[in-house]
Every structure is written in structure tokens, then in C-alpha cells.
Amino acid sequence: GNSVTQMEGPVTLSEEAFLTINCTYTATGYPSLFWYVQYPGEGLQLLLKATKADDKGSNKGFEATYRKETTSFHLEKGSVQVSDSAVYFCALSEGGGYQKVTFGTGTKLQVIP
Amino acid sequence: DAGVIQSPRHEVTEMGQEVTLRCKPISGHDYLFWYRQTMMRGLELLIYFNNNVPIDDSGMPEDRFSAKMPNASFSTLKIQPSEPRDSAVYFCASSFSEGGEQYFGPGTRLTVT
């Protein structure tokens, strides 16, 4: 079956530091890949996505590149802010009308001033 | 659009009582998902619907849990009888038939004493 593996948190960074959250996946087909973010007390919201190999998703300074050869979709940001403190979930969807999304366990990011 | 609406936002009940959680998906979305989030098990898919029909309920923990979607704009998740181990945040999410992106509601925090 499908699975998503994320680096364990929590990750604590100083403001303006570089962020990488690793994500690798296992899927039988050619999935779409997503990063969701969950701020305290809220539901998950889509941060970015990529639907095919070598696509780069980007939003709010965050980026992730769909790497089929390494089955990875690592999340990066060049300079984090305190407001980026949240839990980040990597996820995949097989697509093709099959809507079940497989989520990773989430990585908590804390950014300190 | 108001987004996915869930009610109540918080529910405190005693063991053995019936609990009903409600969800209104985004208009035009034809997939609806119910998730449960706990510290121990993370985010778990309980059940999802397509065009008001349950497609996969393999994540429903036991017979005490039931979900319905009587029309395209309303769904319920019922727990009867409730137990302390059901304490969690329950999320409803909806999506279009293509694309895979899910839109989450703010969640219902359930506490069973």
C-alpha cells in the first residue's frame, strides 16, 4: 500500500534559519504529492502541491520538488519566521479519481525569535 | 465561500452518552472525509463519501461509530455509546472529484469523561 514517511520532530529553529523537512513516499502508481500545514487550533490547509515528476510546488516562500528517482518531496524554506511555527504534513494521492489521501505523521516546527 | 463548517467546535460529554458531530462541506465538492487526530495515532481517516455514498469505511474503529451523508450539503458522525478513548479532534474535509486537494474544517474537539 501507499505510505509517507516524514522526519520526526519537533524541529526548533531560530528566526531566519534555513528549513528542510524530509519526506519520502511509497506508492504503486504516479501519485500527486502535497504539503499541508496545521496552525495551532486549526484544521489542515494546503501549502503546496506537485502532480508529476520534477514539478516544483511553491507557496509563501516554501518549496518542494517532486523527485521520482528518490521518491522524495522535501519541504524547504530559505528564511523561516516565527509565524511559520506549525505542524507540517506530507501527503500523497493516487489520483485518477481515487481520492483517498495518505498523510505522514506530521513534523512540528517551532521558530524562536 | 465559507469553507467547511463543523459543529460543535467543542463537545464535552460523559462516557456512555451519544455524540453527534456535524459537517457542511464546500458547495460543489463531491467528496467528503472524516478524520480523527490524536497525539498517539496522528491523523486517521475514518470514512469518506463520494456523491453522498460511503466509499471506504475501513477506518471506522468499531460499531459504535457511524456516519451518514443524507445530502450533498450535510454529514454527521455519530458515536454511541461514547468512551474516554474516543477523546480526540475530529475533522471533516471535502474535495472536488479531481485534483486531490482537501479542504479541512476547523475540527471538533471531543472530550469524553
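From the residues A:Gln38, B:Thr111, B:Met69, which one has its Cα farthest along the dipole of the protein assembly as shown in the positive direction, the dipole being from +1 and -1 charges on Cβ of Lys/Arg and Asp/Glu about the Cα centre?
Going by the charge dipole, the pick is B:Met69.
Can you list the HN-Hα couplings for region B:77-94, worked out from phi with the Karplus curve (6.51, -1.76, 1.60; θ = phi - 60°), rounded to whole Hz and with x for Gly and Pro?
Each residue of region B:77-94 in turn: 10, 10, 10, 8, x, 7, 10, x, 6, 7, 4, 5, 9, 9, 10, 10, 9, 9 Hz.
Along Cα→Cβ, 7 Å out, is where each label goes; now give me the distance between the ones at B:Ser58 and A:Lys68 in nm to one decimal.
Using points 7 Å along Cα→Cβ, the separation is 2.6 nm.
Give me a comma-separated list of calculated 3J(HN,Hα) values for region A:33-49, in order, Karplus coefficients 6.51, -1.76, 1.60 applied at θ = phi - 60°, integers in Hz, x for any Gly or Pro.
Calculated HN-Hα couplings, in order: 10, 9, 10, 10, 10, 10, 7, x, x, 10, x, 6, 9, 5, 9, 7, 8 Hz.
Per residue of region A:79-89, in order, report the coupling 6.51 cos²θ - 1.76 cosθ + 1.60 (Karplus, θ = phi - 60°) as ³J(HN,Hα) in whole Hz, putting x for Gly and Pro.
8, 7, 10, 4, 5, 7, 4, 4, 9, 10, 10
Provide a whole-number value for the mean count of partner chain Cβ atoms within 10 Å of the Cβ atoms in peptide B:101-110.
Numbers: counts 9, 11, 4, 7, 3, 3, 5, 0, 1, 0.
For peptide B:101-110, the averaged partner shielding equals 4.
Taking the alpha-carbon centroid of each part, what is the distance from region A:25-80 to region B:46-113 in angstrom?
Answer, in whole Å: 25.
Which trypsin sites (Lys or Arg not before Pro) from region B:7-36 combine a DSSP loop assignment with at most 15 other Cβ atoms within 10 Å?
Those satisfying the criteria are B:Arg9.
Students often forget the sequence filter, so: which aspartates and glutamates lie under 18 Å Cα-Cα from A:Lys68 once same-chain residues fewer than 8 apart are removed?
Partners within reach: A:Asp54, A:Asp55, A:Glu76, A:Glu94.
With +1 on the Cβ of every Lys and Arg and -1 on the Cβ of every Asp and Glu, and nothing else charged, how large is the dipole of chain B about its Cα centre, in debye rounded to the nearest 20?
Once rounded to the nearest 20, the dipole reads 280 debye.
Quick check for me: using +1 on Lys/Arg Cβ and -1 on Asp/Glu Cβ, what's the dipole size of region A:29-113 about its Cα centre, in debye to the nearest 20?
60
Kindly provide log₁₀ I(q)/I(0) values, in the same order as q = 0.12, 0.15 Å⁻¹, from the Debye equation applied to equal alpha-carbon scatterers of the protein assembly as shown.
Scattering profile of the protein assembly as shown, log10 relative to I(0): -0.66, -1.00.
Does a label point 7 Å from the Cα of B:Asn51, set along Cα-to-beta-carbon, have any residues of region B:12-37 with amide nitrogen under 19 Å, and which are they?
B:25-33
To the nearest 20 debye, what is the magnitude of the charge dipole of the protein assembly as shown about its Cα centre, counting +1 on the Cβ of each Lys and Arg and -1 on the Cβ of each Asp and Glu?
Working: 19 positive and 25 negative charges, 25 e Å.
Magnitude of the dipole: close to 120 debye.
Rounded to the nearest 0.05, what FRET efficiency do A:Lys52 and B:Glu14 give with R0 = 45 Å and r taken as the Cβ-Cβ distance? Could you check?
0.35
Determine, for each peptide in A:12-21, A:38-47, the mean count of other beta carbons within 10 angstrom over its residues, then list the peptides with the highest first.
A:38-47, A:12-21
Every number in this text was worked out from the coordinates using simple rules, so none of it is lab data. Keep in mind the model is a prediction, meaning the values are calculated, not measured. Note: ideal-geometry Cβ built from the backbone for every residue, glycine included; neighbour counts use all protein chains shown.
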